[in-house]
Amino acid sequence: MTTLPDQKDAVGFDPVRIGAFGRCLRNPRVLIAGGFLAIIGLLVLLAPWLAPADYRAQIDLPLTNAGVLGTDDFGRDVLSRLIVGVRTSMLVAVLAVLVAGAAGVFLGLVAGFRGGWLSVVIMRGIDILLSFPPIVLAIAAVAILGPELRNVVIVIGILYIPRFTRVVYTQVLSLREAEYVQADRVLGASSTRTMFRTVLPNVTAPIIVQGSLSLSFAVQIEAGLSFLGLGAQPPLPSLGTMVGAGRDFLEVQPSLLIFPAIVIVAIVLALNVVGDGLRDVLDPRRGQS
Amino acid sequence: MTATASSPEPVLSIADLSVDFRVNKAWVPATRSVSFELYPGEILAVVGESGSGKSVSSMSVLDLLADSARTSGRIRLGDADLLPVPETGLGAVRGNEVAMIFQEPMTALNPVYSVGQQIIEAIRCHTDMDKRAARERAIELLELVGFPEPGKRVDYHPHQLSGGQRQRAMIAMAISCDPKVLIADEPTTALDVTVQAEILDLLRDLRKRLNSAIVLITHDMGVVAELADRVVVMRSGEVIEQSDVYTLFAEPEHEYTRKLLAAVPHLGRAARSEPVDPPPAAHQEPAVALRLDNTVVRYRGRFGRPGFLAVNGVSLELRAGEVMGLVGESGSGKSTIGRCAMGLLRAESGTVEVCGEDITRASERRLRALRRRFSMVFQDPASSLNPRARIGDSIGLPLRLHRVASGRELTQRVGDLLEQVELPRSWASRYPHELSGGQRQRVGIARAIALEPELLVADEPTSALDVSVQATVLNLFLELQSRLGFSCLFISHDLAVVEMLANTITVLRDGQIVESGDRARILTEPAEEYTRQLVRAAPVPDPVGQRARRR
């Protein structure tokens, strides 16, 4: 019955799709969103040089139109603060996702590969973590630990462990029975080696998709926490604190709130579009064929 | 014998059919200008290897191809057009005039409805029978296809039935509206040989009783010889030969048909001429490569329930340098024994001794050190190689793991191994998806012999391959075995394949040994009734002999 020309691989991902990033950029929506994220990336890397003024320095009177986007209530340059704010938010989000990804992938691998009581303990722990509404848990945890960016990273990181664990766990469960994983064992490979050198490379695609989608949630949660004053502490701006501070001057100087809000929306949207685009090309269950 | 003479008007005619598939914005041809005709009451076999277009051309009769397909040509059923597809669609034709029997009855039947409900639905779809009458008819149909206790089992769900029963239910559904044409796409490929024989009997019987014409799509020359009146041979999307079944087997015209027929393992003919030489160390006590003593393997059940007893008290002995064929139908425990011998599964009781070492309760660490002395070739070449690793890395893995070679020496050894399995050295840097199934299986063999093991377990290594590829892989295997002298436990469901390779044969059923002995004795003078059944059911690619054997 294998008469169809597009022979799919029996297990896991079609390896031909490894060059999928190029293919997903052919989608114009993904291309635009990806381009925007690339600009954001540059902004993060080059923020100190791109910002026209020191984000802490008073350049003019409060709430004027000096600079490109005006000044805030302390007379600081809003554009400079926005650039640094993007950097703060993105760094927190990226670090948090790295924490979540590293821990989540490891737990998923171990639970899926070892099975038995270990998987029961890990997966039930994940269920417990999932049963809390994330934003409420984040507020409570940061409030207890103290409002500090490091704590925000840790809390978001822990909150997003389940997403990675679950996606890796289900993949590993099906891969564990694949003949090439059995073959590793027959040839004398230790289970640690099999887990990291054979199984892990074959589950990277869903991890990447999950990573890009989690990044967008992390940006939102960071913004939410900072808005409440639990994230970045003044004078350091983040997108959330800028929206929070701008709220008080909505009638006088609406641009204080509007610009950071637009940036948050744009980043989240772009991350979701890119994540969906990646999923379309990387995840066989959503493939067109 | 063929219906051609009695009624010259074909019931189904396909003319100049071309199908292309859209792949990455380009059109890839699947069939080119296929033409053949089907006459009433005839069984026409369409044979070919994978990718020959045999399924595609038959699927297009009912317009069942994926949306990415483009068809041209003409298909006529009696005097109605099926292609170009009429504006009214083919709903009235599907299931009513042309019905389909699929390969895998488990996935072709809907698991949430009972077989009765599914047959009733098929009946009521095309007739205005009320529910009760349709149910009566469903039971009648099940009786017709030899379904046991049809009145009771009509309410069974697919998972409560065996593979053969499911296929019977599938056939009952297909014939529910007395179709003029039945298309059977590999109807017995997923079934065991003894069940296959029953289903083939049923199809032959139905043809007589219903006077339906049957298109039988298959890759198995044995099935063709058994059932077909006429044969269409396809290759790479083209019909290369069509003729009467007797003529085809006696005097194949086309070169490819001849090769194909020659490649089919033929029980009782292709046997290796001499059992391999006794192991070189004949003056020593004959060494034993694998010994099972009253071994029991049980799969763990869910929630502490006692699990499935896969192997129940098996004792066997494989002497060094010999090949033992382990045959049995699905569920007989043959693969479990192989995995047990490789230390992938632990025996519940009894002992497993590999290369003189008792591994029954050996620690994982001890076992890992022992693994350089035995190895395994897996069944499915598509999944036995890591898709993310270059094939050179896959072959070199055992050498690296046991620190036998590294650096330049490793590259050298991997190249040598590739040459031993008749692949170019330069292929070490390729990925598995760039290779064909047969080439991947060669890589699998190269990996297994990398450490020159004393014992090799081969679990149906050629069952996923086309016959012509199977023949070359088996020959390679045979040659390597006689050169390297490893002992081999060769697991297969195909007696003809085992006959080619094995010195001794062990027949398994339901986790127990039925009988065991020399190849020749088991195949020619089996002591047990079950073995006789197996031998009798094995399809033989010879229409004259096969039909004689059946009677």
Counting only residues that are assigned to a loop (DSSP other than H, G, I, E, B) and surrounded by fewer than 22 Cβ atoms within 10 Å (Cβ to Cβ), region A:166-187 contains a total of 1
Please state which of the following conditions residue A:253 fails to meet, knowing it meets all the rest: (1) under 30 Å from residue B:343 (Cβ atoms); (2) part of a loop (DSSP other than H, G, I, E, B).
(1)
Residue set B:245, B:193, B:224; condition in contact with a Leu (Cβ under 7 Å, 6 or more places away or on another chain), more than 14 Å from every other protein chain (Cβ to nearest Cβ) and either among the charged types (D, E, K, R) or farther than 22 Å from residue B:33 by Cα (or both); output residue B:193
Check on residue A:153, in contact (Cβ under 8 Å) with a residue 24 or more places away in the chain, in a helix (DSSP H, G or I), more than 10 Å from every other protein chain (Cβ to nearest Cβ) and over 26 Å from residue B:455 (Cβ atoms):
yes
Given (1) without any contact (Cβ under 8 Å) to a residue 24 or more places away in the chain; (2) at the interface with another protein chain (Cβ under 8 Å from one of its Cβ atoms), residue B:379 misses just (1)
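Just to check your reading of the model, which residue among B:405, B:464, B:389 is surrounded by fewer than 23 Cβ atoms within 10 Å (Cβ to Cβ), facing another protein chain (nearest Cβ under 8 Å), among the small types (Gly, Ala, Ser) and outside any helix (DSSP H, G or I)? Let's see the steps before the verdict.
Details: B:405 fails: facing another protein chain (nearest Cβ under 8 Å); B:464 fails: facing another protein chain (nearest Cβ under 8 Å).
Exactly one residue qualifies, and that residue is B:389.
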Can you confirm whether residue B:504 is buried (at least 20 other Cβ atoms within 10 Å of the Cβ), in contact with a helix residue (DSSP H, G or I) (Cβ under 9 Å, 6 or more places away or on another chain) and at negative phi?
yes
In region B:55-64, is there at least one residue being surrounded by 19 or more Cβ atoms within 10 Å (Cβ to Cβ) and over 28 Å from the mean Cα position of the chain (by Cα)?
no
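For (1) within 27 Å of residue A:75 (Cα to Cα); (2) in contact (Cβ under 8 Å) with a residue 60 or more places away in the chain; (3) buried (at least 22 other Cβ atoms within 10 Å of the Cβ), each residue gets a yes or a no:
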| position | (1), (2), (3) |
| --- | --- |
| A:225 | yes, yes, yes |
| A:232 | yes, yes, yes |
| A:238 | yes, yes, yes |
| A:243 | yes, no, yes |
| A:249 | yes, yes, no |
| A:253 | yes, yes, no |
| A:265 | yes, no, no |
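Look through region A:156-188, keep the residues that are of a type in the set (Lys, Arg) and either touching a strand residue (DSSP E or B) at 6+ places or on another chain (Cβ under 7 Å) or more than 14 Å from chain B (Cβ to nearest Cβ) (or both), and return whichever of them is farthest from residue B:451 (Cα to Cα). Steps first, please.
From region A:156-188, those of a type in the set (Lys, Arg) are A:163, A:166, A:176, A:185; that's our starting set.
Cutting the leftovers down to either touching a strand residue (DSSP E or B) at 6+ places or on another chain (Cβ under 7 Å) or more than 14 Å from chain B (Cβ to nearest Cβ) (or both) gives us A:163, A:166.
Details: A:163: 42, A:166: 38 Å.
Here the residue is A:163.
Answer with yes or no whether residue A:201 is at negative phi and within 13 Å of chain B (Cβ to nearest Cβ).
yes
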Find all pairs meeting these conditions: Cβ atoms under 7 angstrom apart; at least six residues apart or on different chains; first residue within region B:453-468 and in the same structural domain as residue B:326 (by the TED database) and under 22 Å from residue B:48 (Cβ atoms); second residue crowded, with 21+ Cβ neighbours inside 10 Å and at pLDDT 90 or above.
none
Take residues that are hydrophobic (A, V, I, L, M, F, W, C) and under 23 Å from residue B:42 (Cα atoms) and tell me which of the strands (runs of 3 or more DSSP E) falling wholly in region B:127-244 contain 3 or more.
B:181-185, B:213-218, B:230-235
Residues that are buried (at least 23 other Cβ atoms within 10 Å of the Cβ), within 17 Å of residue B:49 (Cα to Cα) and at pLDDT below 90: does region B:170-185 have at least one?
no
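The values are calculated or read from the model by the stated rules, or taken from the named source; none is laboratory data. In this text the structure is predicted, and so the values were computed from the model without any measurement. Here Cβ is always computed from backbone atoms with ideal geometry, including for glycine, and neighbour counts include all displayed protein chains.
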